[in-house]
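Scroll down for the structure; my scribbles are underneath it.
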């Protein structure tokens with residue numbers, strides 16, 4: 001016996017992202033995988049980008065982190081270009097910090113936590129120093145309230161470095 | 001008044017590496033920038049390689065670290081190839097861990113310390129699990145005594161992962 005399943009049911013039981021991708025072909029709606037406020041999405045292939053620097057985030061998160069950058073970002077870092085040019089994209093990967101099971105003095109990455117993105121577009125993001133922000137967990141953006149905190153902190157702490165905390169580690 | 005400086009004097013007051021590079025064109029001597037025992041040198045362009053994973057080294061070194069790999073290494077990590085194929089090169093960068101001056105919970109890279117290299121060549125390095133090791137400070141290999149400790153530790157701790165501590169952080 002065969003069952004014929006209406007397309008609408010397939011969409012309904014599929015993921016919201018899949019449905020949005022299908023529907024998106026006919027609308028201009030912001031994709032559901034884009035951050036609130038900024039509309040920033042996870043850039044393709046960022047895990048293959050070059051390393052800017054690692055970092056350790058202490059209490060209460062206890063995370064190892066690594067910022068990677070696209071080519072525009074890396075060129076700017078290495079030349080020392082400030083402000084960063086439009087098209088710069090920085091991605092911060094983060095993992096829970098766990099004890100190495102094999103080497104007592106070392107901590108290593110455990111489960112991945114957040115992925116955070118900064119995109120430079122001085123026109124689109126003029127009111128936030130030229131930067132759009134996105135924070136993602138399991139590929140999905142976190143809520144608007146969290147995104148409302150991004151720029152205020154970057155503005156308060158690192159305005160003199162074009163709102164970017166991370167420096168290049170040579 | 002002009003001074004004419006004999007070429008030999010220029011070599012003598014230049015760095016040993018420069019002299020070796022010049023002399024190397026006419027000899028087969030191991031370059032002075034190669035590690036003892038293994039003859040491993042710092043690979044060209046490693047700072048542009050992709051990230052395998054960051055790590056934290058605790059007491060007494062207090063370092064942030066990041067392992068990067070060449071294309072053969074990254075392909076092997078992503079596919080899960082073990083043992084790593086010949087031609088794999090892994091480089092561990094290390095920096096003193098210092099308090100971020102701008103964000104209280106974070107530690108960031110300070111001064112660079114050592115750069116450590118593993119090169120897979122199952123023929124050349126057959127007696128050490130197929131791996132050659134090099135540890136460098138300011139571009140120069142450290143002494144033989146330090147290189148004598150490399151394989152014993154890797155063999156004791158991570159023989160089951162082809163003598164490699166670092167896992168890929170997704």
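Quick check: anything in the range B:70-86 within 24 Å of residue B:33 (Cβ to Cβ), touching a strand residue (DSSP E or B) at 6+ places or on another chain (Cβ under 6 Å), modelled with pLDDT of 95 or more and surrounded by fewer than 22 Cβ atoms within 10 Å (Cβ to Cβ)? Yes, the conditions are met somewhere in the range B:70-86.
Of the residues examined, residue B:145 is not one that is away from chain A (no Cβ under 14 Å), under 24 Å from residue A:64 (Cβ atoms) and either part of a helix (DSSP H, G or I) or in contact (Cβ under 8 Å) with a residue 60 or more places away in the chain (or both).
Taken together, A:169, A:152 contain a single residue that is outside any loop (DSSP other than H, G, I, E, B) and either at pLDDT 95 or above or away from chain B (no Cβ under 12 Å) (or both), which is A:152.
Go through the range B:150-166 and give me each residue that's under 16 Å from the mean Cα position of the chain (by Cα) and in contact (Cβ under 8 Å) with a residue 12 or more places away in the chain. Across the range B:150-166, the qualifying residues are B:150, B:151, B:154, B:163, B:164, B:166. Scoring residue A:63 on the criteria (1) surrounded by 18 or more Cβ atoms within 10 Å (Cβ to Cβ); (2) over 19 Å from residue A:120 (Cβ atoms); (3) within 8 Å of chain B (Cβ to nearest Cβ) leaves a single failure, condition (3). On the basis of being out of contact with any strand residue (DSSP E or B) (no Cβ under 7 Å at 6 or more places or on another chain) and under 20 Å from residue B:40 (Cα atoms), does residue B:149 make the cut? Taking the combined requirement at face value, the residue satisfies it. Anything in the range B:155-164 that is closer than 17 Å to residue B:135 by Cβ and in a loop (DSSP other than H, G, I, E, B)? List them, or say none. The answer is B:163, B:164.
Matching residues to (1) surrounded by fewer than 13 Cβ atoms within 10 Å (Cβ to Cβ); (2) over 14 Å from the mean Cα position of the chain (by Cα); (3) at the interface with chain B (Cβ under 9 Å from one of its Cβ atoms):
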site	(1), (2), (3)
A:89	no, no, no
A:93	no, no, yes
A:103	no, yes, yes
A:109	no, yes, yes
A:114	no, no, no
A:119	no, no, no
A:124	no, yes, no
A:128	no, yes, no
A:141	no, no, no
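Checking every residue in the range B:32-54 against the condition of being in a loop (DSSP other than H, G, I, E, B), more than 17 Å from the chain's Cα centre (by Cα) and either more than 24 Å from residue A:168 (Cα to Cα) or without any contact (Cβ under 8 Å) to a residue 60 or more places away in the chain (or both) gives zero matches.
The condition (being in a loop (DSSP other than H, G, I, E, B) and assigned by TED's automatic domain parsing to the domain that holds residue A:142) is satisfied by just one residue among A:124, A:97: A:124.
Looking at residue A:28, is it in the same structural domain as residue A:92 (by TED's automatic domain parsing), at pLDDT below 95 and farther than 14 Å from residue A:115 by Cβ? So residue A:28 fails the test.
The values are calculated or read from the model by the stated rules, or taken from the named source; none is laboratory data. Just so it is clear, the structure is predicted and the values come from calculations on it, not from any experiment. Glycine gets a Cβ as well: all are built from the backbone with ideal geometry, and neighbour counts include every protein chain shown.
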